[in-house]
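Visitor: Before we start, here is the structure in question, set down as structure tokens.
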Amino acid sequence: MSDWKNVDDMVACLIDEEEDDEEDDDGAHDDDVYHPHLYRKCDEDDACHSHQYHGAHVDVGARNDNACFPRLYHHYGAQVHAHNDDDDAHLDPKVAADVGVYNTFGAHVGVYDEDEHNSLEYAQVSEQDEEVGLFSNPTEMLFRSSPCGLVVTDALDPDQPIIYVNVVFEMVTGYKAEEVLGRNCRFLQYRGPFAKRRHPLVDTTVVRKMQKCLESGLEFRGELLNFRKDGTPLVNRLCLTPIHSDDGTVSHVIGIQVFMEANIDLGPVSCSLWKESLHTAEWYTEESLPHREKVAASDQPSRHHRCGLLDLSDEVLAQKILAQLSPRDVASIGSVCTRLFQLTKNEDLWKIVCQNAWGVETTSILEVVPGTKRLGWGRLARELTSLEGAAWRKIVVGGAVEPSRCNFSACAVGNRLVLFGGEGINMQPMNDTFVLDLGAPAPEWRHMHVSSPPPGRWGHTLSCLNGSWLVVFGGCGREGLLNDVFVLDLDAQQPVWREVAGGAPPLPRSWHSSCTLDGSKLLVSGGCADSGVLLSDTFLLDLTMDKPMWKEILVSWSPPSRLGHSLSVYEGRKILMFGGFAKSGSLKLRSSDVYTIDLGEDEPNWKHLSSNPGGSVPPPRLDHVAVSLPGGRVLIFGGSVAGLHSASQLYLLDATEEKPTWRRLDVPGQKPKFAWGHSTCVVGGTRAVVLGGETGEEWILNELHELSLATM
């Protein structure tokens with residue numbers, strides 16, 4: 001762990017070490033040949049004035065005031081060292097990158113000083129020093145290896161925004177300082193400035209390790225695939241060092257980066273992204289307005305015009321504009337200028353953005369999830385959008401579910417998992433209820449004594465309504481298939497199962513699929529009827545009515561009949577159906593088809609959703625897990641899959657895209673070997689808990705696997 005307390009201490013320490021190595025080099029090496037085109041110096045006055053550097057005012061003394069400030073200037077294949085004959089010279093880190101401009105383009109490196117009669121000093125870097133000692137010391141990494149990028153981030157901000165980059169970073173990556181200040185470094189993992197997601201070739205295991213080191217205040221060293229602004233791949237050999245303030249907290253993180261070409265052929269980035277529009281508006285900051293207004297009449301091309309957005313008040317910007325954007329767009333707007341960056345740090349704004357983008361119901365569920373307040377709405381929106389913090393872990397709990405069973409149904413009520421029914425020994429239908437409180441210090445299964453339990457069953461569905469109601473529908477009982485409905489208020493002082501006699505019920509069935517709408521309506525689709533006949537109908541039951549009535553959703557066309565499929569709700573009243581064991585002509589096969597229906601329309605109809613052929617379509621399956629994510633995305637994994645496909649492999653689909661594309665996600669952690677839809681619970685919209693132990697046997701209920709979608 002570094003003892004540096006701030007950026008000034010770090011640079012001063014590095015310079016002191018470097019001066020010890022340079023005191024014996026008084027001139028150019030005899031074997032080196034000076035070429036006048038290798039060096040280009042700036043005007044003498046550049047080192048004798050005040051600098052405005054990224055918003056910070058830096059005073060630079062005269063060249064003869066016992067301080068010489070040569071600029072550390074790097075280029076591909078070259079290394080620059082600052083040298084000063086004055087023993088007491090010190091280098092301010094903010095001045096080091098802005099004073100005394102020298103360029104080098106050769107294999108050797110030198111510093112030209114006018115006061116020393118144009119003498120030159122050279123330093124060479126051996127391949128052995130570059131390869132063997134690259135990570136042995138960050139100081140050596142900065143001064144003795146190939147050109148290094150230097151990045152400083154604000155560790156006190158949860159998003160770790162960049163507050164400084166050096167010239168090498170700008171030259172190698174192609175990004176200017178004003179384009180990256182205020183942003184998180186993760187944009188280097190995106191291919192090009194218009195990419196919206198991390199490139200799939202980026203090693204997420206390294207990313208996760210880096211995040212853990214940053215969260216723990218530890219130094220990180222490793223290699224990561226990055227991209228230049230033009231989309232060219234680079235290997236970033238990276239060292240992140242935390243800097244501590246006087247009170248011991250990590251105030252900044254300094255990143256030293258050695259960029260190397262990556263031998264990966266990814267093809268060109270679309271040229272249309274790089275064609276500058278002839279009608280592009282120019283952004284203006286408050287500091288630049290006076291100067292730009294002076295030159296507007298004469299020097300500014302007519303295609304440029306002042307953007308009036310920044311003339312609006314903070315209140316109007318936040319409530320009328322930013323609050324209406326998607327979380328991804330708000331994060332992008334924050335990188336435009338300092339003022340917008342400060343506006344997008346407001347937690348109240350982020351909560352409104354999440355409500356507008358995800359809906360009040362989803363936001364209300366997330367608000368009561370433990371950890372939301374600590375993480376913050378801005379960070380939560382980022383993690384649920386990018387899924388960068390997703391990880392698997394194994395949980396061991398106490399208690400027991402006895403007698404043992406399979407084919408039960410489970411769902412989450414807040415932070416509690418509820419299990420009902422199942423198939424016991426000799427196909428015995430069960431009707432007991434068990435609860436596991438994941439919020440308890442030592443979670444354990446406990447039997448819940450409930451009056452008037454429903455008839456025993458398996459192959460049924462168990463859903464949560466109104467925050468604390470449990471609804472059981474259908475399944476296979478002792479006398480055959482069922483189509484009854486039972487409701488239980490889990491928070492009641494004396495919980496009692498209550499049968500709901502809904503009029504005009506659907507056919508009795510098992511292995512159907514169900515979901516809830518508006519927190520009060522139960523939707524049932526498909527399943528298996530008597531004699532193994534597959535169904536394709538859809539029914540809706542409003543449980544808030546005094547006399548609930550089943551309503552069949554009449555459509556002109558329905559997807560093929562099926563069982564074991566999933567239903568996911570997105571954008572309020574839209575339903576997405578995926579997979580299942582479907583009828584295909586005279587055959588019954590596993591399916592990977594996607595269908596959608598909008599129940600908000602006057603005449604809703606099912607539509608087949610054709611995905612982009614270039615995506616990673618999940619293999620056909622049934623009895624899988626479907627997790628609805630904010631923003632209309634659905635996460636699929638597990639189920640009964642033919643072949644050797646992994647049940648823990650995740651697939652993501654955004655149904656709101658014009659041409660939806662399946663994406664495959666690689667999530668680290670201890671993964672389950674099996675995951676079944678009827679025995680997996682989605683907790684708080686941010687976690688999926690898989691019951692069934694390491695090998696998938698459902699009677700081993702003391703071992704759980706949790707997929708966490710955010711670092712809460």
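The values are calculated or read from the model by the stated rules, or taken from the named source; none is laboratory data. If you're wondering where the values come from, they're calculated on a predicted model, not measured in any experiment. Positions of Cβ are generated from backbone atoms using ideal geometry, with glycine treated the same way; all protein chains shown enter the neighbour counts.
Visitor: Scanning segment 673-685 for residues that are within 26 Å of Ile365 (Cα to Cα) and in a loop (DSSP other than H, G, I, E, B), which turns out farthest from the chain's Cα centre (by Cα)?
Guide: Per the criteria, the residue is Trp676.
Visitor: Take Ser568 and tell me if it is small (Gly, Ala, Ser) and either more than 25 Å from Glu657 (Cα to Cα) or part of a strand (DSSP E or B) (or both).
Guide: Yes, satisfied.
Visitor: I'd like the full set of residues that are free of Cβ contacts under 8 Å to residues at least 24 places away in the same chain and in a strand (DSSP E or B), limited to segment 587-608.
Guide: Leu587, Lys607
Visitor: Another question about this same structure. Within the set of pairs 6+ apart or on separate chains, which have a first residue in segment 570-586 that is more than 15 Å from Ser558 (Cα to Cα), a second that is part of a strand (DSSP E or B) and of a type in the set (Asp, Glu), and C-beta atoms under 6 Å apart?
Guide: Pairs that qualify, where the first residue is more than 15 Å from Ser558 (Cα to Cα) and the partner is part of a strand (DSSP E or B) and of a type in the set (Asp, Glu), are Lys574/Asp598.
Visitor: Residue under question is Arg328, and the condition is that it be in a helix (DSSP H, G or I), touching a Lys or Arg at 6+ places or on another chain (Cβ under 8 Å) and of a type in the set (D, E, K, R); does it hold?
Guide: Yes, satisfied.
Visitor: Based on what the data block shows, is Asp484 of a type in the set (Asp, Glu) and touching a helix residue (DSSP H, G or I) at 6+ places or on another chain (Cβ under 9 Å)?
Guide: The answer is no for Asp484.
Visitor: Going through segment 575-590 one residue at a time, which ones are basic (Lys, Arg) and surrounded by 22 or more Cβ atoms within 10 Å (Cβ to Cβ)?
Guide: Listed by number, the list is empty, since nothing qualifies.
Visitor: Quick one: in segment 223-237, of everything that is free of Cβ contacts under 8 Å to residues at least 60 places away in the same chain and basic (Lys, Arg), which residue is surrounded by the fewest Cβ atoms within 10 Å (Cβ to Cβ)?
Guide: Arg228
Visitor: State which residue pairs qualify: first residue farther than 14 Å from Val401 by Cα and inside segment 437-458, second residue among the hydroxyl-bearing types (Ser, Thr, Tyr) and in a strand (DSSP E or B) in any location, beta carbons under 6 Å apart, and separation of 6 or more residues or different chains.
Guide: That search, which allows pairs on different chains as well, returns Val450/Thr433.
Visitor: Can you pull out the strands (runs of 3 or more DSSP E) entirely within segment 374-457 that have at least 2 residues that are of a type in the set (A, V, I, L, M)?
Guide: 391-396, 409-413, 416-423, 429-437
Visitor: When you go through (1) in a loop (DSSP other than H, G, I, E, B); (2) closer than 18 Å to Thr173 by Cα; (3) modelled with pLDDT of 85 or more; (4) more than 23 Å from the chain's Cα centre (by Cα) one by one for Ile264, which number turns out not to apply?
Guide: (3)
Each row is one residue, and each column tells you yes or no for (1) touching a Phe, Trp or Tyr at 6+ places or on another chain (Cβ under 7 Å); (2) of a type in the set (D, E, K, R); (3) in a strand (DSSP E or B); (4) free of Cβ contacts under 8 Å to residues at least 40 places away in the same chain.
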site	(1), (2), (3), (4)
Thr205	no, no, no, no
Arg208	no, yes, no, no
Gln211	no, no, no, no
Arg221	yes, yes, yes, no
Cys239	yes, no, yes, no
Ile243	yes, no, yes, no
Asp246	no, yes, no, no
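Visitor: Name the residue that is surrounded by the most Cβ atoms within 10 Å (Cβ to Cβ), counting only residues in segment 501-522 that are at pLDDT below 95 and more than 25 Å from Glu361 (Cα to Cα).
Guide: Looking at residues that are at pLDDT below 95 and more than 25 Å from Glu361 (Cα to Cα), I get Gly502.
Visitor: I'm trying to understand the selection: among the residues of segment 541-554, which are surrounded by fewer than 16 Cβ atoms within 10 Å (Cβ to Cβ) and of a type outside the set (Asp, Glu)?
Guide: Result: Thr544, Met545, Lys547, Met549, Lys551, Leu554.
Visitor: Here's another thing I want to ask about it. Assuming Trp699 fulfils every condition listed in (1) crowded, with 20+ Cβ neighbours inside 10 Å; (2) at pLDDT below 90 apart from one, which condition is it?
Guide: Result: Trp699 fails condition (1) only.
Visitor: If you don't mind, another one. When segment 473-499 is examined, which residues are found to be surrounded by fewer than 19 Cβ atoms within 10 Å (Cβ to Cβ), among the small types (Gly, Ala, Ser) and in a strand (DSSP E or B)?
Guide: Answer for segment 473-499, where residues must be surrounded by fewer than 19 Cβ atoms within 10 Å (Cβ to Cβ), among the small types (Gly, Ala, Ser) and in a strand (DSSP E or B): just Gly480.
Visitor: Ok, one more. Looking only at segment 459-468, how many residues end up being surrounded by 21 or more Cβ atoms within 10 Å (Cβ to Cβ) and of a type outside the set (Ser, Thr, Tyr)?
Guide: 3
Visitor: Quick one: Cys185 ticks every box in (1) touching a helix residue (DSSP H, G or I) at 6+ places or on another chain (Cβ under 9 Å); (2) within 15 Å of Phe259 (Cβ to Cβ); (3) not aromatic (Phe, Trp, Tyr) except a single one, so which number is it?
Guide: (1)
This table checks each residue for (1) within 19 Å of Leu635 (Cβ to Cβ); (2) assigned by the TED database to the domain that holds Gly421.
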{"site": "Thr362", "(1), (2)": "yes, no"}
{"site": "Ile365", "(1), (2)": "yes, no"}
{"site": "Trp377", "(1), (2)": "no, no"}
{"site": "Glu402", "(1), (2)": "no, yes"}
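Visitor: Can you confirm whether Val524 is more than 31 Å from the chain's Cα centre (by Cα) and closer than 28 Å to Gly632 by Cα?
Guide: Yes: the conditions hold for Val524.
Visitor: Going through segment 658-672 one residue at a time, which ones are loosely packed, with under 13 Cβ neighbours inside 10 Å and more than 18 Å from the chain's Cα centre (by Cα)?
Guide: The answer is Glu658, Lys659.
Visitor: Which of (1) at pLDDT below 95; (2) among the hydrophobic types (A, V, I, L, M, F, W, C); (3) within 26 Å of Cys528 (Cβ to Cβ) does Ile636 not meet, given it meets every other one?
Guide: (1)
Visitor: Would you tally the residues in segment 523-536 being touching a Gly at 6+ places or on another chain (Cβ under 9 Å) and crowded, with 19+ Cβ neighbours inside 10 Å?
Guide: Qualifying residue count, segment 523-536: 6.
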